Amino acid sequence: MKWALVAILMSGVWDTGLRYQSHDDCISLGVRASYLASQRHGKNFYDIDPNTREDYHNVFKCVPSK
């Protein structure tokens, strides 16, 4: 089973188009990649403050995909 990275926003649920082989990969790679894409290069996802990091975990979810 593959896992899809989706963004849950006030305007609805949006499929990012990214697919991962496992839930752990989706969380560790997908959520981090989503953050890094919105920031300047070189900033480590786990170096940001915990509240901001938690916001990203609340917005980006991994759901089962075909």
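Worth pointing out:
- Beta carbons closer than 8 Å, at least 6 apart along the sequence or on distinct chains, pair a first residue in region 1-20 that is touching a residue at least 60 places away in the same chain (Cβ under 8 Å) with a second that is of a type in the set (Val, Ile, Thr) and open to solvent by less than 70 Å² (accessible area, probe 1.4 Å) for TRP3/VAL63; ALA4/THR16; ALA4/VAL63.
- Restricted to region 1-40, and to residues there that are small (Gly, Ala, Ser) and either under 11 Å from the mean Cα position of the chain (by Cα) or surrounded by 13 or more Cβ atoms within 10 Å (Cβ to Cβ) (or both), the residue that is modelled with the lowest pLDDT is ALA37.
- Count of region 49-66 residues which are modelled with pLDDT of 85 or more and either among the β-branched types (Val, Ile, Thr) or more than 21 Å from TRP3 (Cβ to Cβ) (or both): 1
- Condition check for TYR46: aromatic (Phe, Trp, Tyr), modelled with pLDDT under 70 and open to solvent by 80 Å² or more (accessible area, probe 1.4 Å): yes
The values are calculated or read from the model by the stated rules, or taken from the named source; none is laboratory data. Just so you know, these numbers come straight off a predicted model, no measurement behind them. Neighbour counts are summed over all protein chains in view; Cβ atoms, including those assigned to glycine, are modelled from backbone coordinates with ideal geometry. In case anyone asks, the SASA skips ligands and DNA or RNA and just uses the protein heavy atoms, side chains included. Shrake-Rupley method; radii C 1.70, N 1.55, O 1.52, S 1.80 Å.
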